[in-house]
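The next block holds one structure in the form of structure tokens; read it before the comments.
The values are calculated or read from the model by the stated rules, or taken from the named source; none is laboratory data. All of these numbers come straight from a predicted model, not from anything done at the bench. Heads up, the Cβs are rebuilt from the backbone with ideal geometry, glycines too, and the neighbour counts pull from every protein chain shown. The protein model used for the area step is the full one, side chains on, heavy atoms only, and it has no ligands, DNA or RNA in it. Shrake-Rupley method; radii C 1.70, N 1.55, O 1.52, S 1.80 Å.
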Amino acid sequence: MVSKKFSMLAAGVAVLALGLSACSSDDGDTKTDAGSSSTGDTGGSSGDTIKVGFSQVGAESGWRAANTKSIQDTLTKENGFDLSFSDAQQKQENQIQAIRSYIAQGVDYIAFSPVVETGWDAVLQEAKSANIPVILTDRAVDTQDKTLYKTFIGSDFVEEGKRVGEWVSNNLGTEPINVVELQGTTGSAPAIDRKQGFLDATKDNTNIKIIASQTGDFTRDGGKKVMEGFLQSNPDIDVVYAHNDDMALGAIEAIEAAGKTPGKDIKIVSIDGVKDGMTALSEGKINYIVECNPLLGPDLAKIIQTLHDGGTVEPRIVTQDGAFDQEQAKAALPDRQY
Ligand code: GYE
């Protein structure tokens with residue numbers, strides 16, 4: 001019964017090198033299904049629906065909407081899960097509160113995408129003391145104690161920033177350019193890592209100068225407002241590096257309102273590859289996008305099922321991302337899922 005569910009989930013998983021193993025866990029704290037809800041179980045004997053509490057960052061971007069949908073579409077009753085989902089509206093205190101309430105409810109597993117990197121040790125320790133395994137999805141936490149979570153699944157954000165930086169260096173940095181940076185949420189793993197990756201890739205190219213850098217909080221509105229300010233104080237912007245597509249889309253609005261042509265007068269590079277971003281790329285308003293895959297639901301389900309069956313998972317599971325220039329975006333757009 002379990003293996004039937006497991007193979008069904010596995011079929012939908014793009015990343016097969018998940019580092020999952022069917023052998024028994026020896027750390028003794030893998031939860032069994034004792035005490036879990038049996039409602040909606042289609043798998044046979046009662047009591048084996050897996051209760052999962054998921055604390056989402058918010059609804060700040062197209063990426064986030066696709067990520068939420070993927071999780072809600074996969075952790076269904078039909079697939080053997082009983083999902084409690086909460087939206088923290090980009091506030092750490094809301095996430096801590098949600099996690100505490102999942103602990104109080106006695107869920108079998110807690111999964112969450114931490115809005116910022118630091119400040120999680122206390123609540124993660126509470127989950128560990130309650131013997132509830134925690135899975136980090138999408139974003140990392142900064143902690144010395146790696147036993148506070150089972151695994152972290154998500155993209156390599158430093159690598160994403162590097163790929164953008166390399167493209168800028170090779171395609172635009174052949175002459176002196178002024179770059180402005182629209183940063184993601186302050187203190188979040190993708191903002192920290194994407195900044196670092198871009199700097200690493202461009203530091204030896206003396207043509208590239210970052211003249212301004214500010215957070216737009218990963219939102220379209222934030223990107224627009226920050227870009228308006230950049231345009232007012234800097235007459236010579238050549239390139240916008242946006243940490244996500246939504247901020248790039250906001251920047252497009254600001255650039256057009258200032259009477260300039262995005263993608264030509266001011267080049268734009270970003271990260272995510274959501275449909276609106278890919279559309280702007282195919283229309284020539286964005287110049288290059290490195291993908292960040294939001295469809296983490298199937299992998300999360302597979303990880304939880306594996307732990308639940310007594311298996312082990314690798315502590316870090318990296319998802320694979322593509323990259324698109326304008327022609328590649330045109331070709332990819334018709335089949336884009338999100
Ligand atoms: O790039 C951005 C979202 O954590 C990878 O968060 C995620 C980022 C994504 O708001 O659009």
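Details
- Extension reserve of the residue 200-residue 331 stretch, reckoned as 0.36 nm per residue once the Cα distance is removed: 44.1 nm
- Note on residue 224: aspartates and glutamates with a C-alpha under 18 Å away, same-chain residues under 8 apart excluded, are 60, 181, 236, 238, 245, 246, 253, 256, 265, 272, 276.
- With distances taken between every two different alpha-carbon atoms, segment 157-292 has a Kirkwood hydrodynamic radius of 14.1 Å.
- Cβ-defined net charge surrounding residue 52, 9 Å radius [Lys, Arg +1; Asp, Glu -1]: -1
- Relative contact order for the chain: 20 percent, from Cα pairs under 8 Å spaced at least 6 residues apart, divided by residue count.
- Dipole of segment 157-292, positive end: most advanced residue of 214, 233, 277 [Cβ charges, Cα centre]: 233
- Net charge contributed by nearby residues that have their C-beta within less than 9 Å of residue 61 (K/R +1, D/E -1): -2
- Straightening the chain between residue 175 and residue 275 buys 32.9 nm, computed as 0.36 nm per residue apart minus the Cα-Cα spacing.
- Listed values for segment 173-189 are Karplus-derived 3J(HN,Hα) couplings in whole Hz (6.51 cos²θ - 1.76 cosθ + 1.60, θ = phi - 60°), namely x, 7, 9, x, 9, 9, 10, 10, 10, 9, 7, x, 3, 4, x, 7, 4, and x replaces Gly and Pro.
- For the residue pairs 267/330; 285/330; 195/285; 51/128; 69/275, the C-alpha atoms sit more than 20 angstrom apart in 195/285.
- Exposure check, 1.4 Å probe, all protein chains in place: residue 167 carries approximately 50 Å² of accessible surface.
- Considering only 64, 100, 194, the mean-square fluctuation computed in a Gaussian network model of the chain, springs between alpha carbons under 10 angstrom, is largest for 100.
- Local electrostatic count, residue 197, Cβ distance below 13 Å [Lys/Arg +1, Asp/Glu -1]: -3
- Take every pair of alpha-carbon atoms less than 8 Å apart whose residues are at least six positions apart; their mean separation over the length of segment 73-123 yields a relative contact order of 29 percent.
- FRET efficiency, 1/(1 + (r/R0)^6) with R0 30 Å, evaluated for residue 232 and residue 59 via beta carbons: 0.55
- The HN-Hα couplings worked out from phi for segment 230-235 by the Karplus form 6.51 cos²θ - 1.76 cosθ + 1.60 (θ = phi - 60°) are 4, 5, 5, 9, 10, x Hz, whole numbers, x standing for Gly and Pro.
- Using the rule -39500 (n - 2.57) for each DSSP H run of four or more residues, divided by the residues of the chain, the 222 nm mean residue ellipticity is -12000 deg cm²/dmol.
- Full extension of the chain segment joining residue 212 with residue 76 gains 44.5 nm, where the gain is 0.36 nm per residue of separation less the Cα-Cα distance.
- Sequence of 233, 101, 169 from largest to smallest accessible area, 1.4 Å probe: 233, 101, 169
- Comparing Cα centroids, segment 225-275 and segment 140-161 end up 30 angstrom apart.
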